[in-house]
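> Questions regarding the structure given below will be posed in turn.
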Amino acid sequence: MNKNLIIAGLAVFVIAVLSPFWFNLVTVTQAAPKPELLGKAKTEKKCVLDKYDMRANHMSLLDEWRVSVVRDADRMYTAANGHSFNMSLSTGENSCLGCHEDKEKFCDSCHTYASVSPYCWECHTNPKEIQ
Amino acid sequence: MNQKYLIPLTTVFLLFLVAYTGVEGAGLQWFFGIVFPYLAVFAFLAGFVIKVMGWASSAVPFRIPTTCGQQKSLPWIKQNCIDNPDTSTGVFIRMVLEIFLFRSLFRNTKAAFNRNVSNKLAYSWEIFLWLGALAFHYSFLVVLLRHFRFFTSPVPSCLKWLEYFDGIVQLGLPGLFVSGVVLLAATLFLLARRIFDTKVTYISQAADYFPLFLIIGIAATGIAMRYFTKVDIMGIKTLTMGLATFSPVIPEGVGGLFYAHVFMVSVLFAYFPASKLMHMGGIFLSPTRNMANNTRAKRHVNPWNYDVKTHTYAEYEDHFRDKMIEAGLPVDKKE
């Protein structure tokens, strides 16, 4: 094979391997969002799990809740800290969005940053969007 | 039990434990999360370039195509243009099919004795290695590309599309990615083939098992983090974005499993150029695949031929004519 062709191919490969580095140089890199507690969540200071657990595990918890509500009609969740919560994303004061009022700042900022598109919102709606 | 796979298996376990205990016990996050990944990328690129340049500078004096079809011949004999190409277009098509579809492997056969009375040796088509290899390579590619979400911000939409199609089964939360499952299943199949097929066991070396165990370890830790033990993705993305923008930071609360995963990936990268995994670059340079079979149509002169001092028959006769005539030998040219 032609040596120049090999070198050209090798150069393309090296550039491709280094893409995580130069991609961030040529594009404007968005900084990590700072999680913000707003409104009710700021004053309540109680959540279903502690902070790190919540960050890592909230999706599994929501999955368990979905099964519990849909299959067993059990809608109340008693957390380890003794408080009871309504197993719902968006219904009522005692649900996730009832406390964390701003979906965009609370859910979407991190999800967008980590490129996670949860299919929660294919069925559920953000109550604020309806009004 | 066989030392050829026990040693690589133990090595992969040790690599995992070194990173896991190094982080959990000794707090060496900066080493396993920052120093070693950078070193691994450097070793990968330097090793890859050195190896390919070495191959590029080695001579390929002859056309040595292995062919699977009719060569270009008389006009009324039909040529197989892809399997026995005489043009660079044909070679290009053959290489594309080889690289993307592993066409040579598709022709894989196995030899076995018939199970009946005749007990004859028979060759049969063996497609499962090809299927396993395709499943493994493509799922690994998708998994690798998906990981670009940790190194880009905002994440390009093509990666989101890839994630959408990979997660299209919408099972569980976080949603199941098909590629991860296929990757683990395919590597386990390729490993089972090496262990249970006695003829393959016989030709398998530690260097064949080590990458397999390493990739199984990488896939298993990745799947464990995503679906079972759970990790703080935001913390991890802070680390990976730091690596990509040369301002690394160690996030709080990310456990040893993540660093073990990163360490094994780094080891795979660093080991890559020194191993059989270099077939990734080598497939492009396969001399039996990437050359047109046109030796009958074109004269290929060995590039390092030196001037051979020849002594043709005419010169020989000029030299010995008198003596030949004297001895009564026939000569072409008298006087």
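The values are calculated or read from the model by the stated rules, or taken from the named source; none is laboratory data. These numbers were taken from a predicted model, which means no experiment stands behind them. For neighbour counting, all protein chains shown are included, and Cβ atoms are generated from backbone atoms with ideal geometry for every residue, glycine included. For accessibility, only protein heavy atoms count, side chains too; no ligands or nucleic acids. Shrake-Rupley method; radii C 1.70, N 1.55, O 1.52, S 1.80 Å.
> Going through the DSSP H helices of chain A, which span 24 Å or more along their own axis at the Cα atoms while scoring at least -1.0 as a mean Kyte-Doolittle hydropathy?
A:51-72
> Taking H as built 1.01 Å from N, whose amide H comes closer than 5 Å to the amide H of residue B:122, not counting residues under 5 places away?
B:112, B:113, B:114
> Near the amide H of residue B:70, under 5 Å away, which other amide H atoms are found, from residues 5 or more places off or on another chain, if H is placed in the peptide plane?
B:80
> Where the centroid of each part is defined by its Cα atoms, how far is region A:1-80 from region B:95-112 in Å?
So the two Cα centres are separated by 39 Å.
> Would you mind counting up the charge near residue B:191? Only other residues with Cβ under 14 Å from its Cβ, with Lys and Arg at +1 and Asp and Glu at -1.
With Lys, Arg at +1 and Asp, Glu at -1, the net is +1.
> For Cα pairs less than 8 Å apart in space and 6+ apart in sequence, what is the mean separation divided by the residue count of region A:43-131, i.e. the relative contact order in percent?
17
> What FRET efficiency comes out for the pair residue A:59/residue B:58, r = Cβ-Cβ distance, R0 = 56 Å, nearest 0.05?
0.60
> Could you tell me the center-to-center distance, by alpha carbons, between region B:126-162 and region A:104-123 in angstrom?
Centre-to-centre (Cα) distance: 22 Å.
> Right, next: Based on the mean of other beta carbon atoms within 10 Å per residue, what is the order of B:233-239, B:325-331, A:99-105, A:117-123, most packed first?
Per-residue mean Cβ counts within 10 Å order the peptides as B:233-239, A:99-105, A:117-123, B:325-331.
> Still on this structure: Using a Förster distance of 56 Å, how high is the FRET efficiency between residue B:312 and residue B:112, based on the Cβ-Cβ distance and rounded to 0.05?
Efficiency, from the Cβ-Cβ distance: 0.50.
> Just tell me how shielded A:105-113 is by partners: mean number of partner chain Cβ atoms within 10 Å of each residue's Cβ, no decimals.
Per residue, the average neighbour count from other chains is 2.
> What fraction, in whole percent, of alpha-carbon pairs in the protein assembly as shown exceed 40 Å separation?
Percentage above 40 Å: 41.
> Output ³J(HN,Hα) for region B:121-127: one whole-Hz value per residue in order, computed from phi by the Karplus curve 6.51 cos²θ - 1.76 cosθ + 1.60 with θ = phi - 60°, and x for Gly and Pro.
6, 10, 9, 9, 6, 10, 9
> Return the single residue from B:47, B:22, B:172 with maximal mean-square fluctuation; model: Gaussian network over chain B, springs between Cα atoms under 10 Å.
B:172
> Roughly how far apart, in whole Å, are the Cα centres of region B:200-260 and region B:29-84?
28
> Follow-up. FRET efficiency for residue A:15 and residue B:326, Cβ-Cβ distance as r, R0 = 56 Å, nearest 0.05?
0.15
> How big is D, in µm² s⁻¹, for chain B by Stokes-Einstein at 20 °C and 1.002 mPa s if Rh is the Kirkwood radius over C-alpha pairs?
In µm²/s, the coefficient rounds to 86.
> Expressed as a fraction of 2.2 N^0.38 Å, the rule-of-thumb size for a compact globular protein of N residues, what is the C-alpha radius of gyration of region B:1-136?
For region B:1-136, the normalised Cα radius of gyration is 1.69.
> Then there's this: Can you divide the C-alpha Rg of region B:184-335 by 2.2 N^0.38 Å and report the result to two decimal places?
My calculation over the Cα atoms of region B:184-335 gives 2.21.
> Here is a further query. What is the log10 of I(q)/I(0) for region A:51-91, computed with the Debye formula using one identical point scatterer on each Cα and no solvent, at q = 0.30 Å⁻¹?
-1.16
> If you line up the long axis of helix B:178-196 against the longest principal axis of chain B, both from Cα atoms, how many degrees apart are they, to the nearest 10?
For helix B:178-196, the angle is close to 60 degrees.
> Under 1.5 on a/c is rounded, so check that first for region A:43-131, then, if it is not, pick prolate when a/b is larger than b/c and oblate when it is not; a ≥ b ≥ c are the square roots of the alpha carbon gyration tensor eigenvalues.
The shape class here is rounded.
> Quick check on chain B: helices-only [θ] at 222 nm, where DSSP H runs of length 4 and up contribute -39,500 (n - 2.57) each and the sum goes over total residues. Nearest 500, please.
Mean residue ellipticity at 222 nm (helix-derived): -17500 deg cm²/dmol.
> Now, a different point. Between Rg and the Kirkwood Rh of region B:216-284, both from Cα atoms, what is the Rg to Rh ratio?
Taking Rg over the Kirkwood Rh, I get 1.06.
> Straight distance only, please: which lysines reach the Cα of residue B:120 with their own Cα at less than 26 Å, same-chain residues fewer than 8 apart left out?
B:110, B:199
> With a 1.4 Å probe and all protein chains kept in place, how much accessible area does residue B:41 have, in Å² rounded to the nearest 10?
40
> Taking θ = phi - 60°, what integer Hz values does the Karplus form 6.51 cos²θ - 1.76 cosθ + 1.60 yield along region B:316-331, in sequence order, with x for Gly and Pro?
In residue order, the calculated couplings are 4, 5, 4, 5, 10, 4, 4, 5, 5, 4, 4, 7, x, 7, x, 10 Hz.
> A further question follows. As a check on your grasp of the helix formula, calculate [θ] at 222 nm for chain A: sum -39500 (n - 2.57) over DSSP H runs of n ≥ 4, divide by the residue count, round to the nearest 500.
Value at 222 nm, helices only: -14000 deg cm²/dmol.
> Summing Lys, Arg as +1 and Asp, Glu as -1, what charge do residues with Cβ under 13 Å from the Cβ of residue A:128 carry, residue A:128 excluded?
Net of charged neighbours comes to -3.
> Residue by residue, what Karplus-based ³J(HN,Hα) values in Hz, rounded to whole numbers, does region B:71-87 have, using 6.51, -1.76 and 1.60 with θ = phi - 60° and x for Gly and Pro?
Working through the residues one at a time gives 6, 4, 9, 5, x, 8, 9, 6, 7, 8, 5, 9, 7, 9, x, 10, 10 Hz.
> Name the GluC sites (Glu not before Pro) in region A:1-85 that are in a loop by DSSP and that have at most 13 other C-beta atoms within 10 Å, would you?
Sites meeting the loop and neighbour criteria: A:36.
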